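**Student:** Input: one structure, supplied below.
Where a number appears in this text, it was derived from the coordinates with a stated rule and is not lab data. Bear in mind that the values here come from a model prediction, so they are computed numbers and not experimental data. Reconstructed Cβ throughout: ideal geometry from the backbone, glycine too, with neighbour counts over all protein chains shown.
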Amino acid sequence: MRGNSMKKRKIVVRNKAAIYVLIGALVMFVCLGVVTYHKVSQLMIDHSKQSAMALAGSISGELDGDMLAGIRSSSDRDWQIVYDQLGKYRHYSYVKYLYTMRKDDQGNVSFIVDADTDDPVAVGEPYELLQDMVPAFEGEVCCDNSVSSDQWGSYYSAYAPVFDKDGKVVGIVGVDISIEDINSYLKILLRNLAYIVSTAALITMFIILVFSTEMSGWDMLTGLMNYEMVVKNGNRLKKSGQLTEYTAILMNIKGFKYINKQFGYDFGNELLKDMADFLKTGIKRKELISRTGNDNFFVLVQNENAPAYISRIEEANPVSMESARMDGLPAPVRCGVYRIGEEDTIEQVMGICTVVMNAARNQKKENVVFYNKEMYETLLEEGNLLGAYKEAIKNGEFKVYYQPKVDIENYTLCGAEALVRWQREGKLISPAQFIPLLEDEGLVTELDFYVFETVCNDIRLWKNQGIKPVPISTNFSKLHLTNPSFASKIVKTADRWHVEHEYLAVEMTESSGYTDQEALTEFVEKMNESGISVHMDDFGTGYSSLSMLGDVKMDMIKIDKSFVDRIFGRKANGAKLVENVIRMIHDLGREVICEGVETKEQVEFLKKTDCRKIQGYFFDKPLEHDEFTQRLENPSYEK
Ligand code: C2E
Ligand code: MG
Ligand code: MG
């Protein structure tokens, strides 16, 4: 596989972007959390502080000095003495609590004395006491605003000095405000958290929404736009009136299902990536390229660039994966091309491209199919047929006709082929019109069994009416070969209708491809065991191989009309070819029947070559049930 570095990079870049967004969201959460915590703590402190200071202020009455008071000394030892001494006064009502010693950065140590707030003046006594006791005491007032904790909880402490008339400090008022109204703070905290969480959730949702909308527009495997994104961009072009400047091309990889089955999904994925690379080359600015699902790629190229872009794909024009790879195209593609018209919307353009691309699928000759009106209408009609199929089979719109096979030794009826027709809205639609469509959609297998059941039913009916039936062959698509119970399903159906196996035959066109041949051989063996014959249809049309004749034990080989036409055709040696092919088939021990025989000369010639059985308009066209019943009753033909 060629390098996918560009796409990988794109995907990696997008993954990185996702990680950045997540990290960003996380950092945002953490920051918001820290800020809120800080804010709430501050709120709690401020609240306590205000209460404490207000209380302390009111207790200290008209005194207007600094709010807080303490005592200060530069000597640790002094303070230790004071502390001890003060401890002795604990029993005094005015010394309610003795607070811890504190030491500040400068080495100053301070006490806080908590006075009885009911008797603030009394606090003066320990103050004087201190002055007496501590020689180093300088009588300074210092401030203390702090939050402290002890076994009773957290407090905010505020102290106010008490002055006498002369301005002398006579006492200290200490007030502790317990931060115990924690519940209310918790509520604040929770409310704030709720704000944060919901805001953060909204922001995150927004980020995710923007990000996922952005991501959802891209195909993760190839890094191209996806269906939604290309439609969105197409609509934009439509709005701005620029859509008509573009040619739309829808492409898909030939046999992609087969590639996936045969080589595995990983290989399939690599192929899709390589295809995306290939198709991206040649895309110009303002042009769009997308993977719209599975193996479908849709591009909008500007009209002037379209021929070059298409011929690059056409020139590669590979017939197989191997040759595709040699030409630089990862696999053969088919394309539907449409130059966008005035009225078209992007959705309509895609619909048209799909229909046109399917034409490339069906006609199997050209890889690139350009839209034309006539072809498009036929294709639409086919689409309608497909759409009507399910109802039609339920309503019994499919009719089985029988085309006689004649033994030209004695000019009598020796068999028939069941051929289906679709009776729709008063018209009879030929199988050539709908069988290939149903085959493409995998629906034909159901119809084949519908025909087979009708055949069994009719044989039973004729027998019940005392009419001797002839062996009737039914066409089965090669799609059945992928079903392992195909053979047993045929036998079971026949037995359900109590139809003797000698009256039944299966017609199959030999298909190319080794896997099919293996399955075909196995199927034929099972049929041989059951006594139901197998006929090889359309021999000579190019699908049959000579080696197949020897390998697979088909009971009868049906030489195709195109071969029969050669007998008296313009091509040289046609008659000799037919003669020798018939001889070879006989030599291999197989029976021969020629179909599409239309003239007396052809019959005469075939009689000389020992081909005993003939099917063709010379004797009969496919007949309706009743007409064929009459033929069964009168099985002789005029010589
Ligand atoms: P086929 O199986 O090769 O059937 C023979 C086709 O040649 C039939 O066309 C028949 O009407 C036509 N034919 C027979 N004698 C002459 C003749 O002398 N001159 C000309 N010009 N044509 C002749 P028909 O019925 O249109 O069927 C076409 C094909 O559709 C069939 O080719 C078969 O491949 C497919 N088909 C028909 N019925 C079924 C079905 O029930 N299941 C499947 N899978 N395929 C079916
Ligand atoms: Mg046939
Ligand atoms: Mg045929």
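**Student:** So for segment 333-402, averaging the separation of alpha carbon pairs under 8 Å that are six or more residues apart and normalising by length, what relative contact order in percent results? All intermediate terms of the calculation are to be shown ahead of the outcome.
**Tutor:** Working: 59 pairs, mean separation 22.5, N = 70.
Computed value for segment 333-402: 32 percent relative contact order.
**Student:** Using the count of nearby Cβ atoms within 10 Å as a rough guide to exposure, how do Phe29, Phe486, Phe297 rank from fewest to most? Can you show the working numbers first?
**Tutor:** On the way: Phe29 16, Phe486 21, Phe297 26.
The order, fewest Cβ neighbours first, is Phe29, Phe486, Phe297.
**Student:** With r defined as the distance between the Cβ atoms of Ala572 and Glu409 and R0 fixed at 35 Å, what FRET efficiency is calculated, to the nearest 0.05?
**Tutor:** Values: r = 30 Å, r/R0 = 0.87.
Here the calculated transfer efficiency is 0.70.
**Student:** Taking the beta-carbon count within 10 Å as an exposure proxy, list Ile582, Ile467, Ile346 from fewest neighbours to most.
**Tutor:** Values: Ile582 19, Ile467 13, Ile346 23.
Least crowded to most crowded, the residues run Ile467, Ile582, Ile346.
**Student:** Mind scanning Lys286/Lys365; Lys254/Lys373; Lys463/Lys561; Lys553/Lys613; Lys257/Lys280; Lys427/Lys576 and naming the pairs with a C-alpha gap bigger than 30 Å? Before the final figure, lay out the partial values.
**Tutor:** On the way: Lys286/Lys365 32 Å; Lys254/Lys373 25 Å; Lys463/Lys561 32 Å; Lys553/Lys613 19 Å; Lys257/Lys280 23 Å; Lys427/Lys576 42 Å.
In this structure, Lys286/Lys365; Lys463/Lys561; Lys427/Lys576 exceed 30 Å between Cα atoms.
**Student:** With r defined as the distance between the Cβ atoms of Val210 and Leu26 and R0 fixed at 22 Å, what FRET efficiency is calculated, to the nearest 0.05? Walk me through the numbers on the way to the answer.
**Tutor:** Working: r = 17 Å, r/R0 = 0.78.
For Val210 and Leu26, the calculated efficiency is 0.80.
**Student:** With θ taken as phi - 60° and the coefficients 6.51, -1.76 and 1.60, list the Karplus ³J(HN,Hα) couplings across segment 222-230 in order, rounded to whole Hz; mark glycine and proline as x.
**Tutor:** Result, rounded to whole Hz: 9, x, 8, 5, 9, 4, 4, 5, 5.
**Student:** Can you tell me, using C-alpha contacts under 8 Å and at least 6 residues apart, the relative contact order of segment 227-377 as a whole percent?
**Tutor:** Details: 218 pairs, mean separation 44.1, N = 151.
This gives 29 percent for segment 227-377.
**Student:** Here's something else I'd like to know. Could you rank the peptides 426-433, 218-225 by their average count of other C-beta atoms within 10 Å per residue, with the highest value first? Could the numbers behind the result be given before it?
**Tutor:** Values: 426-433: 11.2, 218-225: 20.2.
Ranking, from highest mean packing down: 218-225, 426-433.
**Student:** List Glu500, Glu425 from most exposed to least, where exposure is judged by having the fewest other Cβ atoms within 10 Å. Display every interim value, and only then the final one.
**Tutor:** On the way: Glu500 14, Glu425 7.
If I rank by nearby Cβ atoms, fewest first, I get Glu425, Glu500.
**Student:** Determine the shape class of segment 397-633: with a ≥ b ≥ c the square roots of the Cα gyration tensor eigenvalues, call it rounded for a/c under 1.5, and otherwise prolate if a/b is greater than b/c, oblate otherwise.
**Tutor:** The shape class here is rounded.
**Student:** Under the Karplus relation 6.51 cos²θ - 1.76 cosθ + 1.60, θ = phi - 60°, what is the ordered set of whole-Hz ³J(HN,Hα) values for segment 381-390, x standing for Gly and Pro?
**Tutor:** Ordered by residue, 3J(HN,Hα) equals 4, 4, x, 4, 4, 4, x, 8, 4, 4 Hz.
**Student:** Continuing with the same structure: Please list, in chain and number order, the residues 5+ apart from Asn475 or on another chain whose amide H is under 5 Å from its amide H, with Hs placed from the backbone.
**Tutor:** Answer set, sorted by chain and number: Ala418, Glu507.
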